[in-house]
Amino acid sequence: MKIDDILKRLTDRYGDRLLKVERKSHKRAYIDIYPKEIVDVAGYIFRELGMRFNIASAVDELERLEILYHFSYDPSGIIISVRTLLNDKDNPRIDTITGVTPAAWWIEREIHELFGIHFDGNEDLRQLLLPDDWPKGVYPLRKSFVVPKRDSRKS
Amino acid sequence: MSSNRSTIPIGPYHPLQEEPEFWKLIVEGEKVVDVDVRIGYNHRGIEKLSEAKSFDQSIFIVERICGICSSSHPIACVQAVEDICNIEVPERALYIRTITQELERIHSHMLWLGLAGHFIGYNTVFMWSWKYREPICEIMETVTGNRQNYAMHKVGGVRRDIEKEHIPYILTKLDEFLKQLDMLKGAVLDDPVIHARLKGVGVLSREAAINYSAVGPVARASDFDIDVRRDHPYGVYSRLKWNVITQKEGDVFAKAVVRILEMFESASIIRQCLDKMPDGPIDSRPKDIEPGEGIGVIEAPRGECFHYIKCDGTNSPVRHKVRAPTYMNFPTFRETVIGGSVSDATIIMAAIDPCYCCTERMMIVDGDNKELLKAGDLIRLSQEKTRRIKERFGVI
């Protein structure tokens with residue numbers, strides 16, 4: 001499958017439910033969907049299109065948060081990134097895709113602790129990278145988090 | 001059932017381990033029934049740091065994610081930036097990137113082979129591997145100026161050229177290395193004891209490898225035929241002749257076979273590069289990075305390394321996501337360690353390449369987490385068992 005074949009299969013299946021389809025090059029494409037569609041879309045891409053889950057990456061867009069789910073189709077070297085926007089920054093939630101692939105287990109834990117996004121249905125959202133005594137409600141990869149300056153006079 | 005279960009804590013600090021991580025093995029007798037892992041002891045917030053640095057600086061930061069992969073992360077990073085606005089890279093620079101990538105693969109696989117030998121108690125392999133790895137580090141020093149943390153890569157090219165007069169030296173060293181590698185390959189892959197110890201141990205099925213999206217040698221040893229160098233071509237891999245090594249078994253032995261045979265391919269790739277490398281500039285000197293987002297993927301020694309960078313037109317990234325290959329390979333321990341024997345746990349964890357394990361202490365707990373047996377009790381039980389065995393065989 002070339003990138004146009006993949007995008008056609010996605011648009012045929014989902015139609016208007018894909019908010020935006022951006023074909024950046026013959027190797028890369030970005031697709032916008034509503035957060036509620038993620039399990040369905042990720043499941044279709046992973047199982048039916050046989051793509052590999054690379055990783056998810058969250059971004060703090062100041063007025064909202066977004067998560068990109070990257071999938072690659074290795075036979076043709078294509079990476080499709082599925083974008084979801086979470087507008088409620090005080091209580092950002094999205095369904096877990098660990099039912100689609102266990103490969104999402106750790107990254108959901110990571111995004112949960114670093115961005116404060118809750119993954120509904122993921123039973124294991126314990127800390128992965130931050131120390132156990134990290135203060136609650138402080139999300140270091142949000143733009144509002146400023147790295148404290150180290151005072152050189154203190155040891 | 002919980003009364004039969006013991007917890008074996010491993011880590012996070014132990015002289016054997018290079019990096020801190022905490023493993024909690026839950027065992028019933030010798031059988032591992034559950035595993036939990038705690039990482040993050042080395043979390044330095046590099047993604048956050050990178051947001052505060054310019055594109056030129058962030059390459060030096062990602063280089064320090066890992067000393068062993070200090071060519072892979074920078075290449076993935078610069079490729080992500082180049083993907084944002086399609087920056088051209090001169091031919092010669094692509095060749096040099098490919099050479100450093102393959103040198104890194106060889107020295108990393110040699111390092112792993114040594115550690116794997118060490119973990120199964122075969123220290124000769126450990127000594128040999130690390131000794132024969134030295135010439136590769138010396139070649140790396142000739143090419144980049146450093147044994148590790150090469151400071152070689154930049155957006156649009158590389159920072160340092162390979163001198164013509166160095167090429168004969170590199171080829172001679174590589175020849176010597178291949179002879180030693182050939183000997184080592186025979187010593188490891190033809191050894192019946194290693195076969196007996198590693199075959200059928202820690203099997204990761206092809207379905208599980210796909211399901212967990214495993215990458216690199218871990219995936220290829222389970223017949224999941226993916227390799228970024230072939231599938232998402234970068235550098236000059238698509239112009240060279242080389243093979244992707246796969247195995248069907250998915251056990252620890254298959255992972256060793258994949259890594260050992262890959263080193264021969266890497267050496268062949270380096271020779272072809274040195275042979276075909278054209279003269280010319282090594283840097284396209286890009287000026288501005290346009291707003292946008294880009295993805296860089298490369299095949300690090302442990303598998304696909306993934307960098308995502310978002311830029312708003314300023315000199316530093318809005319977001320820089322790094323995903324190292326072990327992140328995907330690590331969770332496969334749920335498939336490979338659970339159900340196996342506790343004595344295999346060490347080598348199975350080591351087989352994905354980052355992990356070491358050494359039993360620090362043991363304590364038997366019941367369902368209420370109450371200690372049932374103390375160290376003195378264990379020694380007494382052990383002595384009693386020895387006495388029973390002696391009696392049975394009439395030694396006493």
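Read the figures in this text as sums done on the coordinates, not as results from a lab. Bear in mind the structure is a predicted one, so any value in this text is a computation, not a measurement. Cβ: placed from backbone, ideal geometry, glycine included. Neighbour counts: every protein chain shown.
Which of A:V138, A:V59 comes first, and how do the rest follow, when ranked by fewest Cβ neighbours within 10 Å?
A:V138, A:V59
Test of understanding: ordering B:R380, B:R259 by Cβ neighbours within 10 Å, fewest first, what list do you get?
B:R380, B:R259
What is the angle, in °, between the Cα long axis of helix B:375-392 and the longest principal axis of the Cα atoms in chain B? Nearest 10 is fine, range 0 to 90.
70
Where both partners of a DSSP beta bridge lie in chain B, what percent of those bridges are antiparallel, to the nearest 5?
Given both bridge residues lie in chain B, the antiparallel proportion sits at roughly 100 percent.
If you count, for each residue, the other Cβ atoms within 10 Å and average over each peptide, how do B:172-180, B:228-236, B:248-256, B:384-392 line up from highest to lowest?
B:248-256, B:228-236, B:172-180, B:384-392
Name the shape class, rounded, prolate or oblate, that the alpha-carbon gyration tensor gives for the protein assembly as shown, where a ≥ b ≥ c are the square roots of its eigenvalues, rounded holds for a/c under 1.5, and otherwise prolate holds if a/b is larger than b/c and oblate otherwise.
It comes out oblate by the Cα gyration axes.
For chain B, what is the calculated [θ] at 222 nm in deg cm²/dmol (nearest 500), taking -39500 (n - 2.57) for each run of four or more DSSP H residues and dividing by its residue count?
Here the helix-only value at 222 nm equals -15000 deg cm²/dmol.
Under a crude label model (7 Å from the Cα following the beta-carbon direction), how far is B:D182 from B:F22 in nanometres?
Label at B:D182, label at B:F22, 5.0 nm between them.
If you take the alpha carbon radius of gyration of the stretch A:30-155 and divide it by 2.2 N^0.38 Å, what ratio comes out, to two decimals?
1.17
How big is chain B by Rg and Dmax over its Cα atoms, in Å?
23.5, 84
Please determine, in degrees from 0 to 90 and to the nearest 10, the orientation of helix B:91-119 with respect to the longest principal axis defined by the Cα atoms of chain B, where the helix direction is its Cα long axis.
So the helix axis and the longest Cα principal axis differ by about 10 degrees.
With each label point set 7 Å from Cα along the Cα-Cβ vector, what nm distance links B:Y41 and B:M127?
The modelled label-to-label distance comes out at 2.9 nm.
Have a look at the DSSP beta bridges in the protein assembly as shown and tell me what percent are antiparallel, nearest 5.
Bridges in the protein assembly as shown are about 85 percent antiparallel.
Relative contact order for chain B using alpha-carbon pairs under 8 Å, separation at least 6, rounded to a whole percent?
Details: 730 pairs, mean separation 99.1, N = 396.
About 25 percent, as a whole number.
Along the Cα→Cβ direction, 7 angstrom out, place labels at B:K390 and B:A196. What is the inter-label distance in nm?
Result for the modelled spin labels: 2.8 nm.
Using only Cα atoms, find the angle between the long axis of helix A:3-14 and the longest principal axis of chain A, and express it within 0 to 90 degrees, rounded to the nearest 10.
For A:3-14 against chain A, the angle is about 90 degrees.
Checking the cross-link filter: which aspartates and glutamates have an alpha carbon closer than 18 Å to that of A:K36, excluding same-chain neighbours under 8 positions apart?
Of all the aspartates and glutamates, those that pass the test against A:K36 - Cα under 18 Å, at least 8 places apart if same chain - are A:D16, A:E66, A:D88, A:D90, A:D95, A:E108, A:D120.
³J(HN,Hα) across the stretch B:151-159 via Karplus (A = 6.51, B = -1.76, C = 1.60, θ = phi - 60°), whole Hz, x for Gly/Pro?
6, 9, 10, 8, 4, x, x, 10, 8
Enumerate the lysines that B:K248 could reach by cross-link, defined here as Cα to Cα under 16 Å, with residues fewer than 8 away along the same chain left out.
B:K199
On a straight-distance basis, which lysines could pair with B:K385 in a cross-link, Cα separation under 25 angstrom, same-chain partners fewer than 8 positions away excluded?
The reachable lysines, counting only those whose Cα sits under 25 Å from B:K385, are B:K31, B:K370, B:K374.
Between A:R93 and B:I338, what FRET efficiency comes out of the Förster formula 1/(1 + (r/R0)^6) with R0 = 25 Å and r the beta carbon distance, rounded to 0.05?
0.20
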